[in-house]
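A short write-up of the structure that comes next.
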Amino acid sequence: QVQLVESGGGLVQAGGSLRLSCAASGRGSYAMGWFRQAPGKEREFVEAISRTGGRTYYADSMKGRFTISRDNAKNTAYLQMNSLKVEETAVYYCAATLGVVTTTPHRYGYWGQGTQVTVSP
């Protein structure tokens with residue numbers, strides 16, 4: 001069983017930055033991903049990182065602005081978000097999988113409760 005707790009969300013102006021954290025507890029080694037869901041929209045892939053951190057995947061719209069990383073000694077993954085846009089207001093979720101790193105939500109078996117990110121004009 002893996003438990004995930006996100007933090008770092010909040011209110012930021014357009015063009016600003018936030019850093020999300022995802023603290024994981026539980027046995028095993030797992031790939032991790034970040035997803036987001038805006039009201040009335042489907043959950044959307046943001047970024048993912050392999051167990052060792054050697055491989056990362058980005059959604060095209062976030063490439064160059066968002067960066068995923070992890071510190072396995074702390075069992076924590078991070079999402080650094082720069083140049084945020086109003087349309088990126090959403091609940092951001094951390095997810096973990098005991099399988100290989102993937103961009104597909106349904107392949108992640110463990111999810112955090114989400115953290116709200118609100119980007120104001």
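Report the trypsin sites (Lys or Arg not before Pro) located in region 45-98 that are in a DSSP loop and have at most 16 other Cβ atoms inside 10 Å of their Cβ, or state none.
Values: sites: R51, R55, K63, R65, R70, K74, K85; in loops: R51, R55, K63, R65, K74, K85.
Listed in order of number, the matching sites are R55, K63, R65, K74, K85.
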Counting pairs of alpha carbon atoms under 8 Å apart in space and at least six apart in sequence, what relative contact order in percent does region 1-103 give?
-> 36
Residue-by-residue Karplus 3J(HN,Hα) for region 19-33, coefficients 6.51, -1.76, 1.60, Hz, glycine and proline x | 10, 8, 10, 9, 8, 10, 9, x, 7, x, 10, 8, 7, 9, x
What lysines could a cross-link reach from K85, if we take a straight Cα to Cα line under 25 Å and drop same-chain neighbours fewer than 8 places away?
-> K41, K63
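Rounding to the nearest 20 debye, state how big the charge dipole of the chain is about its Cα centre with +1 on each Lys and Arg Cβ and -1 on each Asp and Glu Cβ. Mind showing how you got there, number by number?
Details: 13 positive and 8 negative charges, 60 e Å.
Charge dipole of the chain: 280 debye, to the nearest 20.
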Residues whose placed amide H lies under 5 Å from that of F66, excluding near-sequence neighbours | N82
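Averaged across orientations, what area in nm² does the convex hull of the alpha carbons in the chain project?
On the way: hull surface 26.9 nm².
Averaging across all directions leaves 6.7 nm² for the Cα convex hull.
None of the figures in this text is laboratory data; all of them are computed from the coordinates on show. As the structure is a computational prediction, the values presented were derived from the model and not from experiment. All Cβ positions, glycine included, derive from the backbone under ideal geometry; neighbour counts span all protein chains shown.
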